[in-house]
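Data first, discussion second: the structure below is written as structure tokens.
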Amino acid sequence: MRELREAIEKMGIGVGCDIVKVDTFLNHRIDTKLLFQMGEEFARHFSPDKPDIILTVESSGIALAVAAAHALGDLPVVFAKKSPALNQGADMVLAPVYSFTHKTQGLIRTDKSFLPDGARVLIIDDFLADGQAARGLIGLIAQTKATLCGVGIAIEKGFQRGGQQLREMGVNLLSLAVVDGIEDGKIVLSNGC
Ligand code: 5GP
């Protein structure tokens, strides 16, 4: 997606050899014009798949999920939580996720009733690296009678294995930009998207 590629080229920072920092427009400060453009791009690709629900994981996926949900006709957004709460429902589904950025193992969870029988679920997230978050979310859906209809990602790190694994699983995956690598702090984008 041209607008996202331009933002990455202008404002993205490569940290070390594998971290893409986009705090100025996606992960800390949000460029809302770009956010809603990304939502529309997801809607163009995924509307034929007729999603009923958008699923993401807190916290940085939420804004993007809302933008996609709005563009797809004001669908509900469900975000998996990363920690237990006293007021959580009695019937929760849980899945293990290793956090790439925090280097910690945790459990994500959502109320089972928010993924009702027969619902078509579209996963939206900001990054795809090793695919832990996406596979955790797919694991939540697998414990319900809802079905996965696609995965939409803003930035895929093509040099990590998550994207390839999801494609090999037959997942309908759209990444709006793919990073091929980081060279001397500069982010190298794939020519494909
Ligand atoms: P995965 O679970 O695919 O390994 O990593 C995806 C999650 O880790 C995303 O939800 C994102 O929050 C975080 N993440 C992974 N790599 C990066 C990165 O290079 N930059 C940022 N900002 N977040 C990342």
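None of the figures in this text is laboratory data; all of them are computed from the coordinates on show. Nothing here was measured: the structure is a model prediction, and the numbers come from that model. Neighbour counts run over all protein chains shown; Cβ positions are idealised from the backbone, glycine included.
In the set S59, S47, which member is within 15 Å of the ligand (Cβ to nearest atom) and polar (S, T, N, Q)?
Details: S47 fails: within 15 Å of the ligand (Cβ to nearest atom).
S59 is the lone residue from the list that is within 15 Å of the ligand (Cβ to nearest atom) and polar (S, T, N, Q).
Pairs under 7 Å by beta carbon, first residue at positive phi in the stretch 126-150, partner assigned to a helix (DSSP H, G or I) and within 10 Å of the ligand (Cβ to nearest atom), six or more apart or different chains?
From residues that are at positive phi, the pairs are G131/G162; G131/Q165; G131/L166.
Since A177 meets every condition but one in (1) in a strand (DSSP E or B); (2) near the ligand (Cβ under 10 Å from one of its atoms); (3) among the small types (G, A, S), which condition does it not meet?
(2)
Does R161 meet the test of being within 24 Å of M1 (Cβ to Cβ) and basic (K, R)?
Details: within 24 Å of M1 (Cβ to Cβ): yes; basic (K, R): yes.
Here the answer is yes, as R161 does meet what is asked.
Taking the criterion of being within 16 Å of the ligand (Cβ to nearest atom) and in contact with a Phe, Trp or Tyr (Cβ under 9 Å, 6 or more places away or on another chain), would at least one residue in the stretch 83-94 satisfy it?
No, because not a single residue in the stretch 83-94 is within 16 Å of the ligand (Cβ to nearest atom) and in contact with a Phe, Trp or Tyr (Cβ under 9 Å, 6 or more places away or on another chain).
Determine, yes or no, whether I54 is closer than 29 Å to C149 by Cα, in contact with a strand residue (DSSP E or B) (Cβ under 8 Å, 6 or more places away or on another chain) and more than 9 Å from the ligand (Cβ to nearest atom).
Details: closer than 29 Å to C149 by Cα: yes; in contact with a strand residue (DSSP E or B) (Cβ under 8 Å, 6 or more places away or on another chain): yes; more than 9 Å from the ligand (Cβ to nearest atom): yes.
Here the answer is yes, as I54 does meet what is asked.
For A65, state whether it is more than 18 Å from R5 (Cα to Cα), among the aliphatic types (A, V, I, L, M) and out of contact with any helix residue (DSSP H, G or I) (no Cβ under 6 Å at 6 or more places or on another chain). I'd like the intermediate steps shown before the answer.
Numbers: more than 18 Å from R5 (Cα to Cα): yes; among the aliphatic types (A, V, I, L, M): yes; out of contact with any helix residue (DSSP H, G or I) (no Cβ under 6 Å at 6 or more places or on another chain): yes.
Judged against the criteria, A65 is a match.
Restricted to the stretch 10-24, and to residues that are more than 19 Å from A129 (Cα to Cα) and not polar (S, T, N, Q), which residue is surrounded by the most Cβ atoms within 10 Å (Cβ to Cβ)?
First, pick out the residues of the stretch 10-24 that are more than 19 Å from A129 (Cα to Cα): 10-11, 24.
Pick out the ones that are also not polar (S, T, N, Q) and you get 10-11.
Numbers: K10: 9, M11: 16.
Ranking the qualifying residues of the stretch 10-24, first place goes to M11.
Would you tally the residues in the stretch 158-172 being crowded, with 16+ Cβ neighbours inside 10 Å, without any contact (Cβ under 8 Å) to a residue 60 or more places away in the chain and outside any helix (DSSP H, G or I)?
Matching residues across the stretch 158-172 total 2.
So which strands (runs of 3 or more DSSP E) stay within the stretch 40-128 end to end and still have 2 or more residues that are surrounded by 16 or more Cβ atoms within 10 Å (Cβ to Cβ) and of a type in the set (A, V, I, L, M, F, W, C)? Lay out the reasoning, then the answer.
Details: elements: 53-57, 77-80, 92-99, 104-111, 120-128.
Where strands (runs of 3 or more DSSP E) fall fully within the stretch 40-128 and carry at least 2 residues being surrounded by 16 or more Cβ atoms within 10 Å (Cβ to Cβ) and of a type in the set (A, V, I, L, M, F, W, C), they are 53-57, 77-80, 92-99, 120-128.
Please work out which residue is farthest from the ligand (Cβ to nearest atom), limiting yourself to the stretch 18-35 and to residues that are part of a helix (DSSP H, G or I) and either more than 15 Å from the chain's Cα centre (by Cα) or without any contact (Cβ under 8 Å) to a residue 12 or more places away in the chain (or both). Steps first, please.
Filtering the stretch 18-35 down to residues part of a helix (DSSP H, G or I) leaves 23-27, 32-35.
Right, trim to either more than 15 Å from the chain's Cα centre (by Cα) or without any contact (Cβ under 8 Å) to a residue 12 or more places away in the chain (or both) and you get 23-25, 32-34.
Values: D23: 7, T24: 11, F25: 11, T32: 18, K33: 20, L34: 15 Å.
Selected residue: K33.
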